[in-house]
Amino acid sequence: MSEEKLQAALELHQAGKLEDAEQAYLDIVVDESDNAEALKLLGVLSCQLGKFEEGISYLEAAVELDDTIAEYHQALGHAYLVSGKVDQGVASLSKAGDLDPGRDEVFGALGDTYQHLQRFPDALRAYQRATVIAPGNVRYKISAGLCCVFTEQYEAATEYLEDALSQDQSIPQIYYGLGLVKGMQGDPKGAEELMAKACDIDPDNPEYKRLREEYGAA
C-alpha cells in the first residue's frame, strides 16, 4: 500500500501540484517514519518550495536511514550548497560519487563548486571525471578547458576547448578560453580575434569587451 501511496504522491509532484504532493508525502512519513524514499522526496520538494532547512532535515533523515543510496547524498549535497553550507555540500556530493562513480552530474556539480571557490585543480579533476562519464557533454569540456587555463595547462586547455568548439560554435566561453590561451602564449592578435568572436555572441559581457580592447592595444 505504501508503494501505491508513494507513486501517487510522486505523480502529484511531477505534475507540479507541489502542495498536494507535500501533504501526500507527509501522510506517508507520519505512518512510516522509516520510509527513506518518502523522506528523500519530501526533502527535495521542500527545497523546491524554498524551505531549505526543512528539506535538509528530511534529506538528512533519509541518509541516516540508508546511507548506501547515492541519490540521497546527491540531493542532500545540492541542498547544502544552495543553503551556503559548502563544506557539507562537497562532502555529500563526494560520498554520492564514491557510491555511484557513474553519475556525471555529481562530478559536474563538484566541479562547479570548486570552480566557484577558485580551487581550480580540484575543479579540473572533477570535470575530467565528468567528461569521461559523459564525453558528449560540451559544458564539462568547456569547464575543464577553462580550469586548465587557470592552472596554466595551455595545451590541455586548447584540446578541451577545440573539442568543444567542434561540437558547438555558438558558445562564447569557448572563444574566451581560447583567447586567454593565445594571450598567455604571446599572440595578442589571435587573442583579440577570439575575444571578438566571444563579443559577437555575447556583446553585453564586459570581460570579453575589456579583454578584446586590451589585446587590441597590445
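Taking only the Cα atoms of the chain, how large is their convex hull per residue, in Å³?
On the way: hull volume 29.9 nm³, N = 218.
Normalising the Cα hull of the chain by residue number yields 137 Å³.
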So the angle from the long Cα axis of helix 2-14 to the longest Cα principal axis of the chain, reported in degrees to the nearest 10, equals 40
Length gained if Val86 through Lys51 is fully extended, taking 0.36 nm per residue and subtracting the Cα-Cα distance, is 10.8 nm
Relative contact order in percent for the stretch 169-218 (Cα pairs under 8 Å, 6+ apart) equals 37
The size of the Cβ-based charge dipole (Lys, Arg +1; Asp, Glu -1) of the stretch 81-143 about the Cα centre, to the nearest 20 debye, is 120
The size of the Cβ-based charge dipole (Lys, Arg +1; Asp, Glu -1) of the stretch 1-81 about the Cα centre, to the nearest 20 debye, is 340
Nearest 10, in degrees from 0 to 90: the angle of helix 188-201 to the longest Cα principal axis of the chain is 40
In degrees, nearest 10, the alpha-carbon axis of helix 138-150 is tilted away from the dominant principal axis of the alpha carbons of the chain by 60
Among Leu110, Gln7, Phe150, the residue whose Cα sits farthest towards the positive end of the charge dipole of the chain, when +1 is placed on the Cβ of each Lys and Arg and -1 on the Cβ of each Asp and Glu, is Phe150
Treating every alpha carbon of the stretch 127-215 as one equal point scatterer without solvent, the Debye formula yields log10 I(q)/I(0) values at q = 0.10, 0.21, 0.24 Å⁻¹ of -0.22, -0.93, -1.14
Log entry: pair-distance distribution for the stretch 169-218, C-alpha pairs binned every 5 Å from zero, whole % per bin is 5, 31, 36, 21, 7, 1
Simple SL model, points at 7 angstrom along Cα→Cβ for Asp204 and Ala217; separation in nm is 2.6
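No value in this document is a laboratory result; all are computed from the given coordinates. If you're wondering where the values come from, they're calculated on a predicted model, not measured in any experiment. All Cβ positions, glycine included, derive from the backbone under ideal geometry; neighbour counts span all protein chains shown.
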